[in-house]
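The values are calculated or read from the model by the stated rules, or taken from the named source; none is laboratory data. Being a predicted model, the structure only gives us computed values, none of them experimental. Glycine also receives a Cβ, built like all others from the backbone with ideal geometry; neighbour counts cover every protein chain displayed.
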Amino acid sequence: MTVASGPGPLAGRRIVLTRARGENEELALFLAELGATTIEFPAIRIADPADWAPVDAAIGRLGSYDWLAVTSANGAGRFLARLAARGLGLAAFPSLALAAVGPATARALGTPGRPILISRGSAEGLARELALSADIRGRRVLFPRAERAREELPAALRAAGADVDEVVVYRTVPDESAPAGELARESEAGGTLLVVFSSPSAVRSFAGLFGEGVLAGAPYQAAAIGPTTSAAIRELGGRVAIEAAEPSARGLADAIRAFYTGEKP
């Protein structure tokens, strides 16, 4: 779905949003306020893990963990939904410390007023902050994650002496209903399309549809929510025009505005 906007510093810019259906609204609103035209292109959809048993087992022993670490809003939300299905919430575990990558992921934990260690960079950054700000050696950490999540966070935590359990709470799979033909016609209409990616899986799905190297130059430019997503773009032969300083919709909107206007976020 294409949404044209009015005047603003990004008037005339066409920006493609690749998150799963229903997850683009916040960024679309910020960009519309700046005058951009947004094109929704859900490159991925969120699916259940192949087996919930490891998650259920971890929930059964949740009181034995010292930390719950999440790196995405989907990871947080899917874990909390499974917890709620058993009639539980994080309030039942007041001694469980919480850590998250980015403010959006922290908000997804739904614990206003409860301290959360928030990294504003990447999963690797969260591991460093946990190691520096907490006595992580010997501590038990539960990491609810995507099926194809990168291994940097658990690897770094284990290197720091933590005991880490990883459980898959969701999979990202290509959205077969993504309107590839419509996007191709948009690109043929002239001008550059800025394609915004919020996960490596969206990058892989996009490249699967249009071919590796599709993000190497015109008619597409790539914007990434953070360094992990930027790395995925480069691994597939693309170039990163924009990387958000903060992994959030606001961080992306600020970075996109700065890129086009030269104004500092």
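Numbers below:
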| item | result |
| --- | --- |
| Subset tally (residues that are charged (D, E, K, R) and crowded, with 21+ Cβ neighbours inside 10 Å) for region 53-79 | 1 |
| Check on Leu117, touching a Phe, Trp or Tyr at 6+ places or on another chain (Cβ under 6 Å) and either more than 23 Å from Val203 (Cα to Cα) or of a type in the set (Lys, Arg) (or both) | no |
| Test: Arg204 is more than 12 Å from the chain's Cα centre (by Cα) and under 14 Å from Arg150 (Cα atoms) | yes |
| Any hit, region 241-258, residues being surrounded by fewer than 21 Cβ atoms within 10 Å (Cβ to Cβ), part of a loop (DSSP other than H, G, I, E, B) and assigned by TED's automatic domain parsing to the domain that holds Asn24 | yes |
| Single match in Gly8, Gly60 (criterion: small (Gly, Ala, Ser) and either at negative phi or in contact (Cβ under 8 Å) with a residue 60 or more places away in the chain (or both)) | Gly60 |
| Filter result (of a type in the set (A, V, I, L, M, F, W, C) and touching a Phe, Trp or Tyr at 6+ places or on another chain (Cβ under 8 Å)) within region 219-249 | Ala222, Ala223, Ala224, Ile225, Ala232, Ile233, Ala241, Ile242, Ala249 |
| Residues of region 203-218 that turn out to be assigned to a loop (DSSP other than H, G, I, E, B), under 14 Å from Ala180 (Cβ atoms) and touching a strand residue (DSSP E or B) at 6+ places or on another chain (Cβ under 8 Å), as a count | 1 |
| Filter result (under 24 Å from Gly63 (Cβ atoms), modelled with pLDDT under 90 and surrounded by 17 or more Cβ atoms within 10 Å (Cβ to Cβ)) within region 135-156 | Ile136, Leu153, Pro154 |
